[in-house]
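This report refers to the structure that appears directly beneath it.
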Amino acid sequence: MVVTGPAGAPLLTMALRVEHDIFVVRQRGREVAAAVGLEHQDQVRIATALSEVARDLLHSAGGAEVAFVLVGDPADGRRHLRVDLLPVRPLPDGRYEPRSGAVARLVDKLSVVPREGDTVVRMSRRVPVTAEVLTPERLAELRAELDRNAPGSALDELAAQNAQLIAALDEVRSQRDELAVLNEELAETNRGVMALYNQLTEELEETNRGVVALYAELDEKSAQLRAASESKSRFLANVSHELRAPVTAIMGLGRLLGDSASDPLTAEQARQVGLIRSSAGDLLTLVNELLDLAKAESGRIEPDWSEVDLRPVFGQLRGTLRALATRPDVELVVEEPPVPSTLRTDEVLLAQVLRNLLHNGLKFTERGQVRLRAERRDDQWSLAVSDTGAGIPPELHERIFEEFYQVPGATRVGGTGLGLPYARRLVTLLGGSLVVSSEPGRGSTFTVTLPVGGA
Ligand code: ADP
């Protein structure tokens with residue numbers, strides 16, 4: 001319960017007239033403080049403050065009437081134990097200054113206030129919320145109890161004061177011990193933190209060293225890889241170059257053998273010569289493609305940049321590829337590009353790429369359509385070759401751009417697996433990109449994206 005009303009009847013009143021009364025006031029002050037629920041230390045504080053003020057008033061005002069009251073403070077809704085000391089003679093200048101400055105710190109409030117034409121010295125201390133609930137009945141009981149308690153002698157009070165001093169000293173010592181323990185713990189924690197920090201720093205350094213070593217290794221490996229790639233290109237270029245002459249010779253000889261001017265061949269011989277010629281033709285295609293790729297990889301292809309109109313390029317593709325579109329169920333559609341249909345590029349390389357893609361479309365489509373379509377978006381051309389063929393599983397979309405890779409099962413239509421890697425190299429050289437989107441059974445779309453203004 002919170003007492004919020006004005007001061008009720010005093011819990012205890014007493015007179016301060018002679019030196020001995022100072023002890024009594026002190027003793028009773030502590031009793032009242034204990035009765036209303038102040039903690040032990042607060043009881044000692046208020047009792048000490050009271051004995052100091054009592055001594056001052058006895059000397060400066062001939063004593064005082066002392067009243068202990070329990071009041072509710074509307075400001076904080078809490079109870080306060082208030083002690084009013086009404087001086088016997090008016091205070092000099094109506095003012096009171098405790099001789100010991102520390103007194104004011106022992107209580108929450110210490111002041112001189114006017115009361116019924118007089119002034120009283122008033123001090124108060126807040127009662128803790130945890131204290132016992134003080135109903136009016138309980139207060140009446142307290143009053144009766146306090147009345148009954150006879151005040152002890154000065155000696156008793158001195159003994160009590162001593163005991164309190166010892167308790168206070170004890171408390172100070174235990175606080176000091178606690179502080180020492182805390183300090184020790186803090187030092188320990190600090191040591192732990194430092195150890196952890198050192199360990200982390202070490203681990204970090206170790207990791208760093210590892211990363212540095214890894215980078216060095218990576219650099220070395222990249223250099224090795226570059227060297228290997230260069231020697232591969234050189235090897236391919238040399239071998240294919242060397243192979244071209246004999247293969248061309250074989251083809252020429254085959255043609256001669258089959259020529260009507262030569263000695264006539266039996267049907268079987270003619271068939272075998274035909275086989276030799278077609279195998280040599282395949283070999284020549286492979287050799288040529290290898291040579292192209294090797295050239296592109298070694299950076300020996302220099303695009304011949306010029307302003308190219310897509311319309312004649314598309315027209316030519318339409319013409320040349322018609323010969324390859326031999327399946328009756330497959331339609332080849334080369335759409336007219338939108339106007340203006342120009343871009344800065346290498347016409348021959350671009351035509352080579354598109355021919356390659358259209359050729360693949362025709363190779364891998366059994367029925368439906370193979371279509372070339374140009375679309376301009378901002379400063380980019382997108383040239384899409386789409387077909388309604390077998391399609392490519394998504395996990396192989398990047399693999400088909402690797403040299404010699406062919407989708408398993410699709411090899412029976414022939415080919416070398418070099419067309420797409422070569423096409424991608426060329427498109428990259430032209431400053432663009434080549435990507436595929438495809439779904440098995442639904443066909444594929446290969447899209448070449450090129451900047452209008454060239455690389
Ligand atoms: P090649 O056509 O000579 O085999 P490419 O590099 O041009 O070599 O193509 C690699 C592989 O990608 C082909 O073997 C084929 O499996 C697959 N592929 C390419 N184009 C298509 C397409 N339009 N439809 C389905 N599969 C394709």
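The values are calculated or read from the model by the stated rules, or taken from the named source; none is laboratory data. No experiment lies behind these values; they were computed from the predicted model shown. So basically every Cβ, Gly included, is an ideal-geometry build from the backbone, and we count neighbours across all protein chains shown. Heads up: the accessible areas ignore ligands, DNA and RNA and are worked out on the full protein's heavy atoms, side chains in. Shrake-Rupley method; radii C 1.70, N 1.55, O 1.52, S 1.80 Å.
Observations, loosely collected:
- Contact order relative to length of the range 172-283, as percent, for alpha carbon pairs under 8 angstrom and 6 or more apart: 19
- The chain - accessible surface per residue (Å², probe 1.4 Å): 58
- Counted residue by residue at 0.36 nm each, then reduced by the alpha carbon distance between them, the extension gain from residue 249 to residue 186 reaches 13.4 nm.
- Apolar share of the accessible surface for the range 283-372: 50 percent from carbon plus sulfur atoms, 1.4 Å probe.
- Taking every C-alpha pair closer than 8 Å and separated by at least 6 residues, the mean separation divided by the residue count of the chain gives a relative contact order of 10 percent.
- Distance (nanometres) between label positions extended 7 Å along Cα→Cβ at residue 279 and residue 145: 12.3
- Separation of the residue 301 and residue 339 label points, Cα + 7 Å toward Cβ, nm: 3.2
- When 449, 285 are compared by accessible area of protein heavy atoms, the largest-first order is 285, 449, using a 1.4 Å probe.
- Fully extended contour minus Cα-Cα distance, from residue 102 to residue 329, at 0.36 nm per residue: 70.6 nm
- Spatial separation of Cα centroids for the range 388-455 and the range 218-295, in angstrom: 24
- Cβ-Cβ FRET estimate between residue 348 and residue 219, R0 fixed at 45 Å, reported to 0.05: 0.75
- With contacts taken as Cα pairs under 8 Å at a separation of at least 6 residues, the range 2-152 carries a relative contact order of 28 percent.
- Computed E for residue 404/residue 377 - FRET, C-beta separation, R0 22 angstrom, nearest 0.05: 0.05
- Exposed loop positions in the chain were taken to be chymotrypsin sites (Phe, Trp or Tyr not before Pro) whose DSSP state is not H, G, I, E or B and which have at most 15 other beta-carbon atoms within 10 angstrom. Between these positions, the longest stretch is 1-304.
- Projected label points at residue 262 and residue 138, each 7 Å from Cα along the beta carbon direction, are separated by 12.9 nanometres.
- Look at the dipole of the chain built from charges on Cβ: of 429, 415, 194, the Cα furthest out on the positive end belongs to 415.
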